[in-house]
Amino acid sequence: MTGTDPRGLAALRPRLPSPLREVADGRFERHGVRLLLKRDDLIHPELVGNKWRKLAPNLDAAGGRTVVTFGGAYSNHLRATAAAGRLLGLPTVGVVRGQELAELPLNPSLARCAADGMRLHFVDRSTYRRKAQPETLAALLRAVEAEDAVVVPEGGSNARAVRGCRALGEELGEHADVAALACGTGGTLAGLAAGLPAGRRALGIPVLKGGFLADDIRRLQERAFGGRRGTWSLDDRFHHGGYARTTPALDDFADDFEQRHGLAVERVYVAKLLYALLALTEEGAFPRGTTLAAVVTGRPFP
């Protein structure tokens with residue numbers, strides 16, 4: 001693979017466009033709302049969902065160089081990057097939050113990264129918070145002996161990734177009035193909104209607490225497109241305690257959705273999205289006749 005040869009990524013055989021399927025669910029139908037599932041989890045068996053859309057342009061730009069990226073101990077992004085490295089013969093390094101983890105057995109997520117050939121470099125949480133500062137980043141790259149590496153930020157959200165996610169909105173096109181997804185770093189929403197046609201809007205459900213994501217999305221769109229694109233909004237009420245946290249109500253909802261529709265519901269992102277869409281529907285947030293498209297960005301691990 002080279003950074004200018006699109007055949008390298010095509011060899012991974014992504015399933016694009018991803019399938020769009022309607023589900024019959026009386027809880028939505030009684031309010032006059034149709035629910036579609038945009039099955040981005042079926043794009044690729046290892047680069048699942050929005051990870052393909054965000055990673056592909058960054059991998060293409062790597063030109064065979066090492067890819068250095070960042071994440072926590074259970075990061076979907078780290079696993080996807082490691083898998084891509086194995087499949088493409090590309091060296092990868094994962095900078096992992098939490099120096100204390102270096103002394104412990106690898107959890108299943110990090111073990112998968114290591115098995116796929118990713119070199120793991122653990123750093124203390126203070127250093128991790130400063131990872132975007134030029135002097136800290138330079139020191140990290142020296143420490144992993146990859147000073148000429150392509151650096152991909154935590155979650156994979158940068159201008160390249162945002163432009164890659166624009167295709168998601170273009171694929172949805174006129175099929176839905178509202179395209180909704182759960183948000184971590186905001187890159188997928190930034191691109192989705194830019195790709196939707198006029199009159200359609202994107203809705204983001206943040207899975208982290210803090211209320212900071214709107215500013216991050218605006219910055220990502222500025223870097224990718226030169227300014228705000230598309231119509232988008234966030235609803236911060238459905239994080240269920242924060243990243244990777246859950247509640248009995250969320251678990252019960254996800255179990256019930258799985259039984260109703262035969263879909264394994266990923267808990268960190270997808271369950272919170274679907275829970276939010278039902279709650280909003282029952283609140284009357286969507287006029288009768290609205291078609292919702294919920295983007296399924298991942299599946300349960302392991």
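Cβ separations smaller than 7 Å between residues 6+ apart or across chains give the following pairs from segment 107-119 residues that are touching a residue at least 40 places away in the same chain (Cβ under 8 Å) to residues that are open to solvent by less than 20 Å² (accessible area, probe 1.4 Å) and part of a strand (DSSP E or B): Met118/Thr92; Met118/Val93; Met118/Gly94.
For segment 81-109, give me each residue that is aliphatic (A, V, I, L, M) and assigned to a helix (DSSP H, G or I). Correct list: Ala82, Ala83, Ala84, Leu87, Leu88, Leu101, Ala102.
Just one of the numbered conditions (1) in a loop (DSSP other than H, G, I, E, B); (2) within 25 Å of Gly195 (Cβ to Cβ) is not true of Thr281: (1).
In segment 160-182, the condition of being at pLDDT below 95, of a type outside the set (Val, Ile, Thr) and closer than 13 Å to Thr297 by Cβ is met by no residue.
Entry remark, segment 255-302: residues being surrounded by 14 or more Cβ atoms within 10 Å (Cβ to Cβ), free of Cβ contacts under 8 Å to residues at least 60 places away in the same chain and among the charged types (D, E, K, R) number 2 in total.
Screening Thr185 with (1) within 24 Å of Asp60 (Cβ to Cβ); (2) part of a loop (DSSP other than H, G, I, E, B); (3) open to solvent by 20 Å² or more (accessible area, probe 1.4 Å); (4) modelled with pLDDT of 95 or more gives one miss only, at (4). Condition (residue is in a loop (DSSP other than H, G, I, E, B), open to solvent by less than 40 Å² (accessible area, probe 1.4 Å) and under 28 Å from Thr281 (Cα atoms)) applied to segment 190-204: is it met by at least one residue? Among the residues of segment 190-204, at least one is in a loop (DSSP other than H, G, I, E, B), open to solvent by less than 40 Å² (accessible area, probe 1.4 Å) and under 28 Å from Thr281 (Cα atoms), which makes the answer yes. Condition test on Gly164, is it at positive phi and either part of a loop (DSSP other than H, G, I, E, B) or in contact (Cβ under 8 Å) with a residue 24 or more places away in the chain (or both)? Taking the combined requirement at face value, the residue does not satisfy it. Quick check on segment 53-60. Is at least one of its residues under 20 Å from Ala271 (Cβ atoms) and buried (at least 19 other Cβ atoms within 10 Å of the Cβ)? So far as segment 53-60 goes, no, none of its residues is under 20 Å from Ala271 (Cβ atoms) and buried (at least 19 other Cβ atoms within 10 Å of the Cβ).
Quick check: anything in segment 218-225 among the hydrophobic types (A, V, I, L, M, F, W, C), open to solvent by 30 Å² or more (accessible area, probe 1.4 Å), touching a helix residue (DSSP H, G or I) at 6+ places or on another chain (Cβ under 9 Å) and without any contact (Cβ under 8 Å) to a residue 12 or more places away in the chain? Among the residues of segment 218-225, not one is among the hydrophobic types (A, V, I, L, M, F, W, C), open to solvent by 30 Å² or more (accessible area, probe 1.4 Å), touching a helix residue (DSSP H, G or I) at 6+ places or on another chain (Cβ under 9 Å) and without any contact (Cβ under 8 Å) to a residue 12 or more places away in the chain, which makes the answer no. When we screen Val123, Val144 for residues that are touching a His at 6+ places or on another chain (Cβ under 6 Å), surrounded by 13 or more Cβ atoms within 10 Å (Cβ to Cβ) and modelled with pLDDT of 95 or more, the only hit is Val144. The single condition from (1) assigned to a helix (DSSP H, G or I); (2) out of contact with any Gly (no Cβ under 7 Å at 6 or more places or on another chain); (3) open to solvent by less than 20 Å² (accessible area, probe 1.4 Å) that Gly242 fails is (1).
The values are calculated or read from the model by the stated rules, or taken from the named source; none is laboratory data. Predicted model only: the values in this text are computed from it and were never measured. All Cβ positions, glycine included, derive from the backbone under ideal geometry; neighbour counts span all protein chains shown. The protein model used for the area step is the full one, side chains on, heavy atoms only, and it has no ligands, DNA or RNA in it. Shrake-Rupley method; radii C 1.70, N 1.55, O 1.52, S 1.80 Å.
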